[in-house]
1. So Lys103 ticks every box in (1) of a type outside the set (Ser, Thr, Tyr); (2) out of contact with any Cys (no Cβ under 7 Å at 6 or more places or on another chain); (3) under 23 Å from Gln13 (Cα atoms); (4) in contact (Cβ under 8 Å) with a residue 60 or more places away in the chain but one. Which box is left unticked?
2. Could you run through region 106-121 and say how many residues are in contact (Cβ under 8 Å) with a residue 24 or more places away in the chain, touching a Phe, Trp or Tyr at 6+ places or on another chain (Cβ under 9 Å) and either among the aliphatic types (A, V, I, L, M) or open to solvent by less than 80 Å² (accessible area, probe 1.4 Å) (or both)?
3. So how many residues does region 8-35 have that are in contact with a helix residue (DSSP H, G or I) (Cβ under 8 Å, 6 or more places away or on another chain) and open to solvent by less than 30 Å² (accessible area, probe 1.4 Å)?
4. Scan region 77-88 and give yes if some residue there is in a helix (DSSP H, G or I), within 20 Å of Val12 (Cβ to Cβ), touching a residue at least 12 places away in the same chain (Cβ under 8 Å) and open to solvent by 10 Å² or more (accessible area, probe 1.4 Å), otherwise no.
5. Could you say which residue among Val64, Val48 is over 17 Å from Trp123 (Cβ atoms), among the aliphatic types (A, V, I, L, M) and in contact with a helix residue (DSSP H, G or I) (Cβ under 9 Å, 6 or more places away or on another chain)?
6. Here are the criteria: (1) at pLDDT below 95; (2) touching a Leu at 6+ places or on another chain (Cβ under 9 Å). Tell me which single one Gly35 does not satisfy.
7. What is the residue count in region 7-66 for residues that are in a strand (DSSP E or B) and over 19 Å from Gly107 (Cβ atoms)?
8. Out of the residues in region 119-133 that are out of contact with any Leu (no Cβ under 6 Å at 6 or more places or on another chain) and at pLDDT 95 or above, which is farthest from Arg100 (Cα to Cα)?
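The values are calculated or read from the model by the stated rules, or taken from the named source; none is laboratory data. Every value quoted in this text rests on a predicted model; they were computed, and no experiment measured them. Cβ placement follows ideal geometry from the backbone for every residue including glycine, while neighbour counts extend to all protein chains displayed. For the accessible areas, the whole protein counts, side chains as well, though only heavy atoms, and no ligand, DNA or RNA atoms are used. Shrake-Rupley method; radii C 1.70, N 1.55, O 1.52, S 1.80 Å.
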Amino acid sequence: DVQLQASGGGLVQAGGSLTLSCVYSGVTFEHYTIGWFRQAPGKEREGVSSISITDGATYYSDSVKGRFTISSDNAKSTVYLRMNSLRPEDTAVYYCAVERVPKEYVGNYHYHLLQLKLGMDNWGKGTQVTVSS
């Protein structure tokens with residue numbers, strides 16, 4: 001079975017930085033993406049960023065573009081999310097997830113942005129990020 005474990009959350013001052021890690025295992029898809037999502041109390045889940053394990057392509061929501069960077073160490077089955085210039089509105093529980101990508105959609109920008117918007121199938125336990133003013 002698929003397992004994902006997010007870690008690295010904590011309390012940080014506005015303008016500061018934090019790096020989250022997602023260690024995953026048991027993924028048997030030929031092609032897939034690992035994504036980061038977040039949810040604040042009383043608000044809808046938001047797709048933050050994703051990375052294709054097949055070709056390394058990265059995707060970002062408009063709200064974090066230019067501030068967050070997603071990366072992967074495939075040998076360690078770990079995906080990172082480097083968060084810079086943090087704002088109080090970034091406060092949320094952050095989750096990582098995985099979803100299969102049909103081979104015909106590998107490298108398809110529209111497909112991956114839609115996947116990030118709609119969500120993924122397999123989820124791990126989240127890690128809390130709190131940004132203070």
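1. (3)
2. 6
3. 2
4. Checked against the condition, which is being in a helix (DSSP H, G or I), within 20 Å of Val12 (Cβ to Cβ), touching a residue at least 12 places away in the same chain (Cβ under 8 Å) and open to solvent by 10 Å² or more (accessible area, probe 1.4 Å), region 77-88 yields at least one hit.
5. Val64
6. (1)
7. Within region 7-66, residues that are in a strand (DSSP E or B) and over 19 Å from Gly107 (Cβ atoms) number 18.
8. This residue is Ser132.
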